[in-house]
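Taking it in order: structure first as structure tokens, then the write-up.
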Protein chains: 2
Amino acid sequence: MLRSAAALAVTLLAAGPGFAQTEAPIDPDSLATAHALAEQALESDLAYEITESLTTEVGPRLAGTPHEARARDWAVEMFTELGFENVRVEQFELDLWTRGRSIYEEVAITAPFPQPLYATSLGGAAATPEGGLEAEVVFFDSFDDLLAFDGADDALEGKLVFINDRMVASRTGEGYGWANRKRTRAWHEAEDRGAAGVLIRSVGTSSNRFAHTGMMSFPEGRRPEIPALAVSAPDADQIERIHESGETLRIRLQTYAGWRGEVVSGNVIAEIEGSEAPDEIVIIGAHLDSWDTGTGALDDGAGVGIVTAAARLILESGQRPRRTIRVVLFGAEEVGLVGARAYANARMQDGTIPNHVIGSESDFGAREVYRLSTNVGEHALPFFDQMHVEMQHLGIVRGGNESGGGPDMIPLAFMGVPMARLDQNGEDYFEFHHTPNDTFDKIVPEEMAQNVAAWAMFTWLVADTGLDFRDQPDSAPSE
Amino acid sequence: MLRSAAALAVTLLAAGPGFAQTEAPIDPDSLATAHALAEQALESDLAYEITESLTTEVGPRLAGTPHEARARDWAVEMFTELGFENVRVEQFELDLWTRGRSIYEEVAITAPFPQPLYATSLGGAAATPEGGLEAEVVFFDSFDDLLAFDGADDALEGKLVFINDRMVASRTGEGYGWANRKRTRAWHEAEDRGAAGVLIRSVGTSSNRFAHTGMMSFPEGRRPEIPALAVSAPDADQIERIHESGETLRIRLQTYAGWRGEVVSGNVIAEIEGSEAPDEIVIIGAHLDSWDTGTGALDDGAGVGIVTAAARLILESGQRPRRTIRVVLFGAEEVGLVGARAYANARMQDGTIPNHVIGSESDFGAREVYRLSTNVGEHALPFFDQMHVEMQHLGIVRGGNESGGGPDMIPLAFMGVPMARLDQNGEDYFEFHHTPNDTFDKIVPEEMAQNVAAWAMFTWLVADTGLDFRDQPDSAPSE
């Protein structure tokens, strides 16, 4: 049914203004290969197995640590075994932050009702003073309330600032950016007001007793001098209830987090060389690093599995695309897109940014792709509109033309590289994301296979065309 | 609809052999009060609020600790405020076991793929030697495989025994007893074979990264000399995958658990004195202690809320039942029914066991009651059969006549006290049970209210009748 509907839609599209019947934007032979790849993908467990291997044999892989280095070794070996070309590591330097001593951090309410809390330092936070820190909590309903705080100048002096904003779950993960403001910025707002530390209700939507970690931001390179932690939602509820009872709440922390100096990280790169235009590069990526408390299965072991398996299906199809397919497993994404910036800067230096015809990253878990979004020149839209129609049997709708391509694509997108994204269902992504609970058992193999089918079609089709996806300065302006 | 069906069924029952129309076993006035209580219960948040108060203002309350003592103070104050009579604490002695130092225990795979694990000492376990313990893992698919192990005499010497049994979820929690064998008994089976420690896949059905604690058993009072821990299901999966890869697995532990000597615990008792037969006691209970890693909301803060709220509804109804209703909040349930044994022993001493006309405990979470089970004399079955019919509007079916009444009722049941139980839906109980994730947010107020409605009906009806529920030696033998 869907297939026939899709065929009809293609016919209608091809018959529309500007196209003769024979001028459908995608070459029929190329399209046949794309469909064959999708069929194989739906039968394949390769992505699932790659993710299993990474999350088991490496496990957590915090940027800049020996664990991340092991992940690079793992990736080089995996790409080589799978028959990829030009497998290599591009190193870059990184300022290392670690939690110190343990992933299990000691936080407890000391008054009025003593009890332990489940909490975790946010990336970039300082340690408590030696021997720990115990202070009164000042409760803020929201990050905006902290920004608007007009108490006495010393009202927060020596206090622990607590921020209670709740994130709302959605398919697109829309609420994450808003909720993240407190994670990234509360520390300096609190530090500027003399606070001894910051606690936030975990970003994320889970009601499980896991704290959600993640990097903070550092305006003008400034580093925190105070500890900053997230507490799990049930613990935040507890703090909220005690606050509402009117009692003075005191919390004790003992943490060992801090910056450890410069270390080496790297991006791992593998290619399928193009047959006709090997200098033209389709870049598809995922990130290799993860947070330290989980095993980074959804973020982003799944992405590593999906893009690698999609490329591998093309590699073993016996058909070689016109353009080069470059798979990049970025290092140090979680700590500020450090690998992505290094990659883009290196291409600025060697002048190969224009060679990148399009980019996309898989970095939103392992649930199904539901939408094809793009960021390409107007003249290229019919190509992607047809691609979408061809993907409808995978349950995919057509998105808009303002996609960022994924976190590690941001620097390239900023430099004008066209982008696309296979948007995934994120309705439960923030149940697991950045917590100890981001583990391999949360992945459904069939959903991964659907991702690979969409990625194989997309990657093949953009690599096997001669179409330039960039804005065409000589084409009619769009309004 | 359901109400009319129920009414019809009562008519049919009352008209059946042995009963004239006027001889329905439950007095109509008493029944009217029971229905009025149920209606009020469905509108009341009292149980929910009691559980909120206990889990917030006390939080975790491990048996024998100052936290459990705070829970007793809390309970005395609560009962007194709610207007109960004869509020008192009955103390008993207890051998204290604690996790030591922290609820966050350090466990990690050291080879072949170093990474932290989420694990927790089982109740009664010993600490690791000072400085920790690192050893090779010997993998057993099941507890039965350990029992059947016929390797060399020294095959487990100095090793860590890992047991991988999986528990299956069910409405009745049926799989718990079977799965628990490894928790309670693996330590001495392993210790007898020279093992340096025991790790088990967590009992419970959660795929979240929480380890499930719980007490071990101590045949002939023997105490473990080795550490024994549960690891979360995702971590057990990781151990299983590495085992299946054929690599030698090594794990490092550092724990501080141990027995701390004799301390005081207690049961908190409150009553509604009977109007006509105050010496006849209906005992309803729950337990006040909890494990230390969660806040004991489902186990058994909910039970505390449910039985207290049911009794309080009766108290404020203005009607006084014939018999005395005794609410007992038991101490030290989790560590071996210590409070329940102390209670029963004291009644053995003072000769009041025969005064206990029936008992029941709420200790299976906060989901809805779906079944009324009993353990009463044959002649009393029509009374409970009618009670069931009257409860059908709450969605409750009739269970069998072999109920144990609940964990803390076991000693009384053993001494011949009749029992009943309002069995709860346990299909997700073992998602949370005995983990950090047993917190107040997991409770649905409407489901608690349904519990209170059933408990208020049950408690009122058994307290307001003159019927003896014990087996009648002179009645016809049942077959």
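Other residues lying with their Cβ under 10 Å from the Cβ of B:Thr172 contribute a combined charge of -1, Lys and Arg counting +1, Asp and Glu -1. Computed on segment B:104-258, the Cα convex hull volume stands at 109 Å³ per residue. Take A:Glu247, move 7 Å from Cα toward the beta carbon, and the resulting point lies 4.7 nm from the same point in each other copy, nearest first.
Straight-line cross-link partners of B:Lys182 among the aspartates and glutamates, defined as a Cα under 15 Å from its Cα and at least 8 positions apart when in the same chain: B:Asp141, B:Asp144, B:Asp145, B:Asp165, B:Glu191, B:Asp192.
Shortest first, B:Trp259 label-point distances to identical copies amount to 5.2 nm, with the label point at 7 Å from Cα along Cα→Cβ.
For B:Leu122, the residues whose amide H sits under 5 Å from its own are B:Ala228, B:Leu229, B:Ala230, ignoring neighbours fewer than 5 places away on the same chain, with H placed 1.01 Å from N. Ignoring ligands, DNA and RNA, what percent of the accessible area of segment A:92-208 is carbon or sulfur (1.4 Å)? Ligands and nucleic acids excluded, carbon and sulfur give 48 percent.
As a ratio to 2.2 N^0.38 Å, the alpha-carbon radius of gyration for segment B:344-479 is 1.13.
For GluC sites (Glu not before Pro), the sites in segment B:125-194 that DSSP calls loop and that have at most 13 other Cβ atoms within 10 Å are B:Glu130, B:Glu157, B:Glu174.
The residues of segment A:103-260 expose, per residue, 37 Å² of accessible area to a 1.4 Å probe.
For chain A, averaging the sequence separation of C-alpha pairs within contact (under 8 Å, six or more residues apart) and dividing by the residue count gives a relative contact order of 23 percent.
Among the residues of B:199-209, the average count of other protein chain beta-carbon atoms within 10 Å of the residue beta-carbon is 3. The calculated 222 nm mean residue ellipticity attributable to helices in chain A amounts to -10000 deg cm²/dmol, summing -39500 (n - 2.57) over DSSP H runs of n ≥ 4 and dividing by all residues. Cα centroid separation, segment B:90-111 to segment B:328-378: 27 Å. Given +1 at the Cβ of Lys and Arg, -1 at the Cβ of Asp and Glu and no other charges, the dipole of the protein assembly as shown around its Cα centre is 340 debye to the nearest 20.
Remark on the protein assembly as shown: Rg and Dmax equal 32.1, 106 Å (Cα only).
When B:Asp150, A:Asp95 are compared by accessible area of protein heavy atoms, the largest-first order is B:Asp150, A:Asp95, using a 1.4 Å probe. Note on chain B: antiparallel DSSP beta bridges, both residues inside, total approximately 55 percent of the bridges counted. Working note: Karplus 6.51/-1.76/1.60 with θ = phi - 60° gives segment B:216-224 the couplings 8, 10, 10, x, 6, x, 5, 10, x Hz, where Gly and Pro are set to x. Amide H contacts under 5 Å for A:Gln424: A:Tyr370, restricted to partners 5 or more places along the chain or on a different chain, H placed in the peptide plane at 1.01 Å from N. Within the assembled protein chains, the solvent-accessible surface assigned to B:Met348 is about 110 Å², based on a 1.4 Å probe.
Segment A:389-422 and segment B:246-274 have their alpha-carbon centroids 53 Å apart. Distances between equivalent label points of A:Glu43 across the copies, with each point positioned 7 Å along Cα→Cβ, amount to 6.5 nm, shortest listed first.
Once the Cα atoms are used to define both axes, helix A:338-350 deviates from the longest principal axis of chain A by about 50 degrees. May I ask for the angle, rounded to the nearest 10°, between helix A:175-192 and the longest principal axis of chain A, with both axes built from Cα atoms and the value confined to 0 to 90°? The helix A:175-192 is inclined about 40 degrees to chain A. Among the residues of B:96-106, the average count of other protein chain beta-carbon atoms within 10 Å of the residue beta-carbon is 2.
For chain B, the calculated P(r) over all alpha carbon pairs, in 10 Å bins from 0 to the bin holding the longest distance, is 4, 20, 28, 22, 15, 8, 3, 0 percent. Under 23 Å of direct C-alpha separation, and excluding same-chain neighbours fewer than eight residues apart, B:Lys442 reaches these lysines: A:Lys442. Computed log10 I(q)/I(0) for segment A:133-218 at 0.10, 0.13, 0.15, 0.26 Å⁻¹: -0.25, -0.41, -0.54, -1.35, from the Debye equation with unit scatterers placed on every C-alpha and solvent omitted.
Charging the Cβ of each Asp and Glu at -1 and of each Lys and Arg at +1, and nothing else, the dipole of segment A:103-260 about its Cα centre rounds to 700 debye. Axis between A and B by rotation; chain A residue with nearest Cβ and distance in whole Å recorded as A:Tyr104, 2. What is the interface area between chains B and A, defined as buried accessible area summed over both chains with a 1.4 Å probe, reported in Å² to the nearest 100? The buried area between B and A, both sides summed, comes to about 3100 Å².
The values are calculated or read from the model by the stated rules, or taken from the named source; none is laboratory data. Quick caveat: nothing in here was measured; it's all calculated off a predicted structure. Cβ sites come from the backbone with ideal geometry, for glycine too, and all protein chains shown count toward neighbours. These accessible areas exclude ligands, DNA and RNA; they are computed on the full protein's heavy atoms, side chains included. Shrake-Rupley method; radii C 1.70, N 1.55, O 1.52, S 1.80 Å.
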